[in-house]
1. Would a scan of the range B:28-39 turn up a residue that is touching a Phe, Trp or Tyr at 6+ places or on another chain (Cβ under 7 Å), surrounded by fewer than 19 Cβ atoms within 10 Å (Cβ to Cβ) and either within 14 Å of another protein chain (Cβ to nearest Cβ) or without any contact (Cβ under 8 Å) to a residue 40 or more places away in the chain (or both)?
2. Under the condition of being surrounded by 19 or more Cβ atoms within 10 Å (Cβ to Cβ), more than 14 Å from every other protein chain (Cβ to nearest Cβ) and in contact (Cβ under 8 Å) with a residue 60 or more places away in the chain, which residue from the range B:74-109 is nearest to A:Lys42 (Cα to Cα)?
3. For residues that are buried (at least 16 other Cβ atoms within 10 Å of the Cβ) and within 14 Å of another protein chain (Cβ to nearest Cβ), tally how many sit in the range B:46-56.
4. Could you check the range B:46-109 for strands (runs of 3 or more DSSP E) lying wholly inside it with 3 or more residues that are among the aliphatic types (A, V, I, L, M)?
5. Which of the residues that make up the range A:95-104 are open to solvent by 20 Å² or more (accessible area, probe 1.4 Å) and more than 8 Å from every other protein chain (Cβ to nearest Cβ)?
6. The conditions are (1) under 15 Å from the mean Cα position of the chain (by Cα); (2) within 14 Å of chain B (Cβ to nearest Cβ); (3) open to solvent by less than 20 Å² (accessible area, probe 1.4 Å); (4) not charged (D, E, K, R), and A:Val19 fails exactly one of them. Which is it?
7. Got at least one residue in the range B:57-73 being free of Cβ contacts under 8 Å to residues at least 12 places away in the same chain, surrounded by fewer than 14 Cβ atoms within 10 Å (Cβ to Cβ) and among the basic types (Lys, Arg)?
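The values are calculated or read from the model by the stated rules, or taken from the named source; none is laboratory data. Fair warning: this is a prediction, and the values are worked out from it, not measured in the lab. Don't worry about glycine lacking a Cβ; one is built from the backbone with ideal geometry, like all the others, and counts go over all protein chains shown. Keep in mind that these areas ignore ligands, DNA and RNA; they rest on the heavy atoms of the full protein, side chains included. Shrake-Rupley method; radii C 1.70, N 1.55, O 1.52, S 1.80 Å.
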Amino acid sequence: GAVVSQHPSRVICKSGTSVKIECRSLDFQATTMFWYRQFPKKSLMLMATSNEGSKATYEQGVEKDKFLINHASLTLSTLTVTSAHPEDSSFYICSASFDSYNEQFFGPGTRLTVL
Amino acid sequence: TQLLEQSPQFLSIQEGENLTVYCNSSSVFSSLQWYRQEPGEGPVLLVTVVTGGEVKKLKRLTFQFGDARKDSSLHITAAQPGDTGLYLCAGVSDYKLSFGAGTTVTVRA
């Protein structure tokens, strides 16, 4: 149980376009979902925390207008990278939890490459 | 930002040898987690240690949480090629995870 999926697994886009990444909890209801970013050989950095039906809470330094997060249902959260630039290229990983204080279950990640 | 430092960054050993990975911080955490991540995948939780001084064993893996709940270690006995991967520690504070940069372990057959 506790399976989290992400779609797409890989995406390549042109600079200036927007990209949407989906995170789904397949077999449980996730009140809270987290979005992380991971650079090569670097740690996972928390970008934002989203609770179903509420606005996401962004970490310091993360532009909320650039990284739009929607958590409209208990099984789906989306991250939209708006007006993407090459420096946004990264590995984006989501995690889902029954609630904020429970174990986080991680998705397989999405590799974004912006040309 | 609560920083966790992992050492070493890279570790390459022969099958059958033992290895230890360290995770240190100046911050106190309510608990500490160890994950393993394969290339192109998300991290998978191995263990959570909660109590200062706690030791947990998972087959050939032994996890220890420092008395002050600021540091932890992961020891693998008789490593096998299947243990190859990126090992990440993460400190839990409130509900957030702060990850270390990871230790890439390679076990040669």
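1. For the range B:28-39, residues touching a Phe, Trp or Tyr at 6+ places or on another chain (Cβ under 7 Å), surrounded by fewer than 19 Cβ atoms within 10 Å (Cβ to Cβ) and either within 14 Å of another protein chain (Cβ to nearest Cβ) or without any contact (Cβ under 8 Å) to a residue 40 or more places away in the chain (or both): absent.
2. Only one residue fits best here, namely B:Val107.
3. Residues in the range B:46-56 being buried (at least 16 other Cβ atoms within 10 Å of the Cβ) and within 14 Å of another protein chain (Cβ to nearest Cβ): 4 in total.
4. Working: elements: B:55-58, B:61-65, B:71-76, B:85-93, B:96-99, B:103-108.
Strands (runs of 3 or more DSSP E) meeting the threshold: B:85-93.
5. Filtering the range A:95-104 for residues open to solvent by 20 Å² or more (accessible area, probe 1.4 Å) gives A:98-103.
The answer is A:Phe98, A:Asp99, A:Asn102.
6. (2)
7. The first filter runs over the range B:57-73 and keeps only residues free of Cβ contacts under 8 Å to residues at least 12 places away in the same chain, leaving B:57, B:59.
Filter again for surrounded by fewer than 14 Cβ atoms within 10 Å (Cβ to Cβ), leaving B:57, B:59.
After this cut, where a residue has to be among the basic types (Lys, Arg) as well, the list is B:57, B:59.
Within the range B:57-73 (the criterion being free of Cβ contacts under 8 Å to residues at least 12 places away in the same chain, surrounded by fewer than 14 Cβ atoms within 10 Å (Cβ to Cβ) and among the basic types (Lys, Arg)), the answer is yes, since at least one residue qualifies.
Residues are listed down the side, and each one gets a yes or a no for (1) out of contact with any Gly (no Cβ under 6 Å at 6 or more places or on another chain); (2) modelled with pLDDT of 95 or more:
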{"residue": "B:Gln64", "(1), (2)": "yes, yes"}
{"residue": "B:Ser73", "(1), (2)": "yes, yes"}
{"residue": "B:Ala78", "(1), (2)": "no, yes"}
{"residue": "B:Pro81", "(1), (2)": "yes, yes"}
{"residue": "B:Leu88", "(1), (2)": "no, yes"}
{"residue": "B:Gly91", "(1), (2)": "yes, no"}
{"residue": "B:Lys96", "(1), (2)": "yes, no"}
{"residue": "B:Gly100", "(1), (2)": "yes, no"}
